[in-house]
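I have placed the structure first, in the form of structure tokens, so that the comments after it can refer back to it.
What follows is calculated from the coordinates using simple rules that are stated; it is not laboratory data. On a predicted model such as this, the values are computed, not experimentally measured, just so you know. Methodologically, a virtual Cβ is constructed for each residue, glycine included, from the backbone with ideal geometry; neighbour enumeration extends over all protein chains shown.
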Amino acid sequence: MEADLIRELSLILAGIPSTGVLAGIGDDAALLSPPPGRNLLVTTDSQRENVHFRWEWTDPESVGYRLVAVNVSDIASKGGAPWTGVIAVGLPADYDPEVLRGVYRGIAEACRTYKFSLVGGDLSRDPGRWNFVMTLLGTAPGGVFPPRSGLSEGDALYLLGRPGRARAGFLSLAKGVTSEALGPARLAFRRPRALLAEGQALALRPEVVATIDSSDGLERSLSELSMASGLSIRVDSLPVTEEIRDWSRLLGEDPETLVWTGGEDYDILLGVRKEGEEAFLDWARTVLLKGSEEGLHYVGRAQKAPRPAVMFSGEATKRVKGRGFDHTVS
């Protein structure tokens, strides 16, 4: 029966472009031929029941789509393109095959959206709950890789995206706030998007010196850039939009806290070299953001300090702890 199910899942994934895949699903190992002139990127991420999702709040297709999108976001933040990947699934003892089929339909939908195929994976019993782990290979042009460690003194920090949306969606579900106005927030939580085209464009700009996927929240992401670069970051402005203020009122939440500590937005936090900031902003306004729903928000600047830290500017300078976003939804 398990062999039949594997064949059925393989058919769900069939028909997706697979450039450079010489042997894929159906053998002991995949045989790949990397595109000439491009470097490989590798990332892995997971979706675990009662850690990243709850069945009461979502559907199988969205769980599968989310698994792919969160991995693609890591590749996107480094200017790459997803190429191929594998998925390992842990099945609970009482698993429903139709739920698994639904998850794979969502996986296939996301693979088509981001234009890559899978080349294999694994199904096994899990003593706990549903557990999906994806390893994704991506490619990037040779010499293109904006690291976390690229900041210099005076460089500006910007956030590309719509921070706080996923956290608002999560809180809407957790609190049972069913307002239609929060529908886009719930969708952002259930089916995140990866800024693939934007990430590729950013990585090619000479002014962009550092990038990080903001899935662990703005606070943690700034702290990671600070530590990697050996500099402090002074936060001058939090990217709180009117949309977030409206949603925060419905949820009874503080909008600044929602943006600062919320996670799973899969935005891109980037460092911009101070000497090229004006040229970068002109390009961003006329090219990057043209026709886009995303925003580009100024956050702060890198500065020298006795030790790396993230601090708020103002009369009372406040150091922050760099805490990560807690993905647990149980």
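Between ASN39 and GLU278, the C-beta separation translates, for a Förster distance of 35 Å, into a calculated FRET efficiency of about 0.70.
Roughly speaking, what is the stretch gain from ALA3 to THR241, that is 0.36 nm per residue apart minus the C-alpha to C-alpha distance, in nm to one decimal? Walk me through the intermediate numbers first.
Numbers: separation 238, 0.36 × 238 = 85.68 nm, distance 5.01 nm.
Taking ALA3 through THR241 to full extension adds about 80.7 nm, to one decimal.
Only alpha carbons enter this Debye calculation for the stretch 216-277, each as an equal point scatterer, and the log10 of I(q)/I(0) it gives at q = 0.19 Å⁻¹ is -0.81.
Lysine pairs in the chain whose alpha-carbon atoms fall under 30 angstrom of each other, counting only those eight or more residues apart or on distinct chains, come to 13.
By the beta-carbon count within 10 Å of each Cβ, the least crowded to most crowded order of LYS274, LYS304, fewest first, is LYS304, LYS274.
With the simple model of a label 7 Å out from the Cα in the direction of the Cβ, ASP96 to ASP254 spans 4.1 nm. A P(r) calculated from all alpha carbon pairs of the stretch 30-139, with 10 Å bins opening at zero, reads 15, 48, 28, 9, 1 percent.
Remark on the stretch 178-250: Rg and Dmax equal 15.6, 45 Å (Cα only).
Here's the picture: a label point sits 7 Å out from the Cα of VAL51 along the beta-carbon direction, and within the stretch 110-126 the residues with their amide nitrogen under 16 Å of it are 124-126. Net charge of the neighbourhood of PHE145, taken over other residues with C-beta under 15 Å away and scored Lys/Arg +1, Asp/Glu -1, is +2. Mind checking the angle between helix 60-77 and the chain's longest principal axis? C-alpha axes, 0 to 90 degrees, to the nearest 10. Computed tilt is about 50 degrees. For the chain, the mean residue ellipticity at 222 nm estimated from helices alone is -10000 deg cm²/dmol, where every DSSP H run of n ≥ 4 contributes -39500 (n - 2.57) and the total is divided by all residues, rounded to the nearest 500. As a proxy for reagent exposure, ranking THR241, THR286 by other Cβ atoms within 10 Å from fewest up yields THR286, THR241.
Picking from ALA88, LEU151, LEU67, whose Cα lies most toward the positive end of the charge dipole for the chain (charges on Cβ: Lys, Arg +1; Asp, Glu -1)? Of the options given, the answer is LEU151. Comparing PRO239, PRO306, PRO97 in a Gaussian network model of the chain (Cα springs below 10 Å), the most mobile by mean-square fluctuation is PRO306. Ordered by the count of other Cβ atoms within 10 Å of each Cβ, fewest first, SER149, SER172 give SER149, SER172.
Compute the longest continuous run of the chain that contains no exposed GluC sites (Glu not before Pro); treat a site as exposed when its DSSP state is not H, G, I, E or B and it has at most 13 other Cβ atoms within 10 Å. Answer from the scan: 154-292.
The alpha-carbon positions of the stretch 156-319 define a convex hull whose volume is 118 Å³ per residue.
Taking the structure as given and computing Rg and Dmax of the Cα atoms in Å, which label from (1) 18.9, 62; (2) 20.4, 67; (3) 20.2, 63 fits? Correct label, based on the coordinates given: (2). The simple spin-label model puts a point 7 Å past each Cα toward its Cβ; for ASP28 and LEU204 those points are separated by 4.2 nm. Relative contact order of the chain, taken over Cα pairs closer than 8 Å and 6 or more residues apart, is 23 percent.
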